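Engineer: Provided herewith is a single structure, encoded as structure tokens, for subsequent inquiry.
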Amino acid sequence: MEVEKNFKTAFAGGFGVVDSILEKYEYKKANLIAILQAIQGEYNYLPEEVIIYLGTKMPLSPATIYGVATFYSQFSLDPKGKYVIKICDGTACHVRGSMPVLNAIKGKLNLKEGQFTSDDGLFTVETVSCLGACGLAPVIVINEKVYPKMTSDAVKTIIDTLLSEERK
Amino acid sequence: MAKTLFINGKEVEFDNEPNLLEVIRKNGFNVPTFCYRPDLTQFGACRMCVVEVVYPNGRTIVNSSCTMPPEEGINVKTNTDRVRKIRKTVLELLLANHDRECTTCDKSGNCELQKYSEEYGVRNIRYAKKDPEKYLPIDHSNPSIVRDPNKCILCGACVRACQEYQGHAVLGFANRGSKTTVGPVAGRELASVDCVYCGQCKAVCPTGALTLVNEVDKVWDEINNPAKKVVVQVAPAVRVALGEMFDMPAGENVIGKIYSAMRKIGFDLVFDTNFAADLTIMEEATEFIERVTKGENLPLFTSCCQAWVRYVETQHPEMINHLSSCKSPQSMLSSLAKYILPKTKEGYTKENTVVVSIMPCTAKKAEIKRKQLTDNGQFDTDYVLTTQEFAQMIKSAGIDLKTIEAEEADSPFGEYTGAATIFGASGGVAEAAARTAYYLITGEEIASDDIVELRGVDKHAYNKDVVLDIKGTKVKVKVVSTLAEAEKAIQAIKAGTADFQLLEVMACPGGCVNGGGQPTSCNTPELRIKRAEGLYNEDKCDTEFRKSHKNKDIIKLYDEYLEKPNSHLAHELLHTTYADEFKGSYKDL
């Protein structure tokens, strides 16, 4: 799988990136959340190997770090795609049709039941409870960009646009 | 004037107790607890210790007594209808999520969840039972500990024990809310992390979520096999704890009854690991003197504790040369038995001799599987049973330990001195070594056999520094228990600030008397103090034989076989090597 390949190349050169993040945050226990955020920023998720590696370098055990990483929903232990599509399923978005939009995305990306990242490793789909933009319902956010008043057709076009950019 | 508060109407004094629960228990009242362990930090997870507190102004609250500091003038009610109902509901909720197959659980009869459910008369659980289809797999990978997540009540005692005693929590909480679990990192097996097998997680677990690997049936099979000669040895700390499981007081030395029970069970020869402890002192003291003379690989680390050995190998592999090359007493005796018995006893061959050892320790189960402790592919020690398993064996054989007559151990590995007995308490190995090292260096006997500064097993005595004066030569000895304290000593060595020449480490708090395989004592720290007293009492009762070099059978062993300490044959049989390979460790990425 593409994602796994990316993962292997990421660690081919060892944990240099992790080391520099640790240096920056002085290996401090109190900085754990910031360190995990920086690592997730680098890899898009928290690889198990990195969590264990952190445990051998910081004054915290791997199991403790894993506990923190699994406690907060901001951290992901599964590889994520280059584009993370967050689809709001709060009350307002739900009544204005977020589910058909979600189904359209799943269909477009060929996601099976329980699969959240597309086979090409480009897209990850997540539902969130409320993005606080109810006036724009139904709303999705791709990486940092907000797309208001989504429809099944519109979301397919957006994905096509992103795909064609990737092919360039 | 002392401050006072009221418990169920009775006025009681309090001073600097860390929490209300301690005041309650100190004054003859009790409340149930799962997560509270006096030697660990308070956690307030289980909510079983809730009490009603009435303030002087009439305000009433319900609070967990383990997390509440005692306050002047409050009226604490430990047994109201309200708190009883809360506790019963807590039990019902815990049981709804619990694998309730009690009869086949290793903790049955010794389980706090079972005990309180019975006391509170929980007969009907209003909540739906967890679907057995959804049970998580049981982890049998670890040689010492079995982890059954379906019996975990999330009290966190194991997580705290691992973190606070051993300093590197291989167990931790994962996930959040109703999905919370306790386990090793990223769902790994307990064999694929840096577990040192000390068993303290199991010792503080209130339920059957963490139990020891029970090998009683395998030992019965060996005993019942007429082709096998099954010999047994028993460690120092077992003799002062086993009695507790037969309604005898903690610290009562039942060694004679143990020998007798062993024969009744059907063991062919009964030996005492204490003999090998004396031998360890002869070898290790000689090794220490040699290292001091040459000035190399100092400080010397003791190597009796397998949890400590594993810790050095996995966490500080660059320091394995500091470890004494001596095998643990258990392994020394096993090697000797398989070497000497076939030469001296009729019917014994290397192949048909089975060595079983009775240990206070769960890590010993892992130790015997080390490849460095084999001879031509055959393990030196075949089985390790903990004190708890041995008690089970005695009970199932219908033996009443309390009433049977004491007997003597068998020759040639049955004689021992007081120096060997005190191996079971933190500081004992160093004290025993000092007595013999003094003699080996000066040719004279040490003025006083009692080096009391090295003693103490309570939580204020995890770290002891003693300077010994050997006729003008000062030797600094550091004694630690718990690996968290050992880590501090290692950091001092790495920083160049360590000034000690000998480091004795026992991984369990207070040493082997409080080992992971001993009868449960996590709620009563006094038990290990009594057990240690039992050992020191035996040490001082025979004034002539308090030093390992006075053991007549040890002298005979050197005369007949080994020649002298650290001789070629001694090295072959009694010494071992260490590996800085990280199989199953975090470094094995």
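The values are calculated or read from the model by the stated rules, or taken from the named source; none is laboratory data. Please read all numbers here as calculations on a predicted model, not as lab measurements. Glycine also receives a Cβ, built like all others from the backbone with ideal geometry; neighbour counts cover every protein chain displayed. Quick note on the areas: whole protein, heavy atoms, side chains included, nothing else; ligands and nucleic acids left out. Shrake-Rupley method; radii C 1.70, N 1.55, O 1.52, S 1.80 Å.
Engineer: If I require 27 Å or longer along the helix axis, counting alpha carbons, and a Kyte-Doolittle average no lower than -1.0, what helices from chain B are left? Use full DSSP H segments.
Structural biologist: Long hydrophobic helices here: B:273-294.
Engineer: Where does each of A:E23, B:E351 land when they are ordered by accessible area, with a 1.4 Å probe and the largest first?
Structural biologist: Result of the area sort, largest leading: B:E351, A:E23.
Engineer: Once both labels are modelled 7 Å past Cα along the beta-carbon direction, what's the B:K115-B:E72 spacing in nm?
Structural biologist: Going from the B:K115 label point to the B:E72 one covers 3.6 nm.
Engineer: Compute the Kirkwood hydrodynamic radius of chain A, taking the inverse of the mean of 1/r over all pairs of distinct Cα atoms, and give it in Å to one decimal.
Structural biologist: With all distinct Cα pairs of chain A included, I get 17.4 Å.
Engineer: Taking the Cβ-Cβ separation of B:V452 and B:T403 as r and a Förster radius of 30 Å, what is the calculated FRET efficiency to the nearest 0.05?
Structural biologist: On the way: r = 36 Å, r/R0 = 1.19.
That pair, B:V452 with B:T403, gives E of 0.25.
Engineer: Taking every residue in B:171-184, how many Cβ atoms of other protein chains lie within 10 Å of its Cβ, on average?
Structural biologist: 4
Engineer: Any of B:K257/B:K365; B:K530/B:K564; B:K229/B:K364; B:K343/B:K556; B:K459/B:K547 with alpha carbons more than 26 Å apart? Name them for me.
Structural biologist: In this structure, B:K530/B:K564; B:K459/B:K547 exceed 26 Å between Cα atoms.
Engineer: Sticking with this structure for a sec: How would B:W308, B:W220 rank on accessible area, largest to smallest, probe 1.4 Å?
Structural biologist: The most accessible residue leads, giving B:W220, B:W308.
Engineer: Can you bin every Cα-Cα distance in region B:90-212 into 10 Å intervals starting at zero and give me the percent of pairs per bin, rounded to whole numbers?
Structural biologist: 13, 46, 32, 9, 0
Engineer: Still on this model: Below 8 Å between Cα atoms, with a sequence gap of 6+, how large is the relative contact order for chain B in percent?
Structural biologist: Worked out over chain B, it gives 16 percent.
Engineer: Let me ask you something else. Report the Cα centroid-to-centroid distance between region B:436-497 and region B:147-216 in angstrom, as an integer.
Structural biologist: When both Cα centres are located, 32 Å separates them.
Engineer: Hey, another quick one. In region B:250-280, which residues have a backbone nitrogen under 14 Å from the label point lying 7 Å from B:K228's Cα in the Cα-to-Cβ direction?
Structural biologist: B:266-269, by backbone N distance to the label point.
Engineer: Computed FRET efficiency, Cβ-Cβ of B:R126 and A:F71, R0 22 Å: what is it to the nearest 0.05? Each step should come with its number before you reach the end.
Structural biologist: Values: r = 30 Å, r/R0 = 1.36.
Efficiency for this residue pair is about 0.15.
Engineer: Determine, for each peptide in B:15-23, B:530-538, the mean count of other beta carbons within 10 angstrom over its residues, then list the peptides with the highest first. Write down the numbers at each step before the final one.
Structural biologist: Values: B:15-23: 17.2, B:530-538: 23.0.
Highest mean packing first, the order is B:530-538, B:15-23.
Engineer: Can you give the mean number of other chain Cβ atoms that lie within 10 Å of the Cβ atoms in peptide A:55-61?
Structural biologist: 5
Engineer: At a threshold of 8 angstrom on Cα-Cα distance, excluding pairs fewer than six apart, so keeping six or more, what relative contact order does chain A reach in percent?
Structural biologist: 20
Engineer: What are the equivalent ellipsoid semi-axes of region A:83-167, built from the alpha-carbon gyration tensor (square roots of five times its eigenvalues), in whole angstrom, biggest first?
Structural biologist: 20, 13, 11
Engineer: Compute the separation of the alpha-carbon centres of region B:71-98 and region B:257-335 and state it in Å as a whole number.
Structural biologist: 48
Engineer: Which are the unpartnered cysteines of chain A, meaning those with no other cysteine Cβ under 4.7 Å from their Cβ?
Structural biologist: For chain A, the answer is A:C130, A:C134, because their Cβ atoms have no other cysteine Cβ under 4.7 Å.
Engineer: Further, regarding this structure: Place the peptides B:169-175, B:403-409, B:422-428, B:520-526 in order of packing, highest mean first, counting for every residue the other Cβ atoms within 10 Å and averaging per peptide.
Structural biologist: Values: B:169-175: 23.1, B:403-409: 13.9, B:422-428: 31.1, B:520-526: 17.0.
Descending mean neighbour count gives B:422-428, B:169-175, B:520-526, B:403-409.
Engineer: Near B:K478, which aspartates and glutamates are there with a Cα under 13 Å away, not counting those fewer than 8 places off in the same chain?
Structural biologist: Cα-Cα hits under 13 Å: B:E431, B:E453, B:D465, B:E487, B:D499, B:E504.
Engineer: Can you pull the accessible area of B:F545 for me, 1.4 Å probe, Å² to the nearest 10?
Structural biologist: Probe radius 1.4 Å; accessible area of B:F545 about 50 Å².
Engineer: For region A:58-116, which trypsin sites (Lys or Arg not before Pro) are both in a DSSP coil and crowded by at most 11 other Cβ atoms within 10 Å?
Structural biologist: Passing sites in region A:58-116 are A:K112.
Engineer: Right, something else. Filter the trypsin sites (Lys or Arg not before Pro) in region B:1-69 to those in DSSP coil with at most 13 other Cβ atoms within 10 Å of their Cβ, and list the result.
Structural biologist: Working: sites: B:K3, B:K10, B:R25, B:K26, B:R47, B:R59; in loops: B:R47, B:R59.
Passing sites in region B:1-69 are B:R59.
Engineer: Could you please put B:D553, B:D194, A:D78 in sequence from largest to smallest accessible area, using a 1.4 Å probe?
Structural biologist: Greatest to least solvent exposure: A:D78, B:D553, B:D194.
Engineer: For region B:90-212, what's the relative contact order in percent, using C-alpha pairs closer than 8 Å and at least 6 residues apart?
Structural biologist: Across region B:90-212, relative contact order equals 30 percent.
Engineer: Charges only on Cβ, +1 for Lys and Arg, -1 for Asp and Glu: so what's the dipole of chain B about the Cα centre, in debye to the nearest 20?
Structural biologist: Value, rounded to 20: 2160 debye.
Engineer: What value does region B:3-79 have for Rg/Rh, both radii from Cα atoms and Rh as Kirkwood defines it? Numbers along the way, then the final one.
Structural biologist: Working: Rg = 11.4 Å, Rh = 12.3 Å.
My calculation puts Rg/Rh at 0.93.
Engineer: Continuing with the same structure: Just subtract the alpha-carbon distance of A:E42 and A:L163 from 0.36 nm times their residue separation and send over the number in nm, one decimal.
Structural biologist: The span from A:E42 to A:L163 would gain 41.4 nm if fully extended.
Engineer: Another question, then. Under a point spin-label approximation (7 Å from Cα along Cα-to-Cβ), what is the A:D120-A:S20 distance to one decimal in nm?
Structural biologist: 3.0
Engineer: For the pair B:H568 and B:K471, what calculated FRET efficiency results from E = 1/(1 + (r/R0)^6), where r is the Cβ-Cβ distance and R0 = 22 Å, to the nearest 0.05? Don't skip to the answer; put the middle values down first.
Structural biologist: Numbers: r = 31 Å, r/R0 = 1.39.
Efficiency at R0 = 22 Å is approximately 0.10.
Engineer: What's the magnitude of the charge dipole for chain A around its Cα centre, counting Lys and Arg as +1 and Asp and Glu as -1 at the beta-carbon? Answer in Debye, nearest 20.
Structural biologist: Working: 18 positive and 19 negative charges, 70 e Å.
It comes to approximately 340 debye.
Engineer: Can you give the translational diffusion coefficient of the protein assembly as shown in µm²/s, computed by Stokes-Einstein from the Kirkwood radius over Cα pairs at 25 °C and 0.890 mPa s?
Structural biologist: 84
Engineer: Compute, for B:K552, the solvent-accessible surface of its heavy atoms (probe 1.4 Å) with the complete set of protein chains present, and express it in square angstrom to the nearest 10.
Structural biologist: B:K552 exposes around 130 Å² with every protein chain in place.
Engineer: Over its Cα atoms, what ratio of radius of gyration to 2.2 N^0.38 Å does chain B give?
Structural biologist: Ratio of Rg to 2.2 N^0.38 Å for chain B: 1.00.
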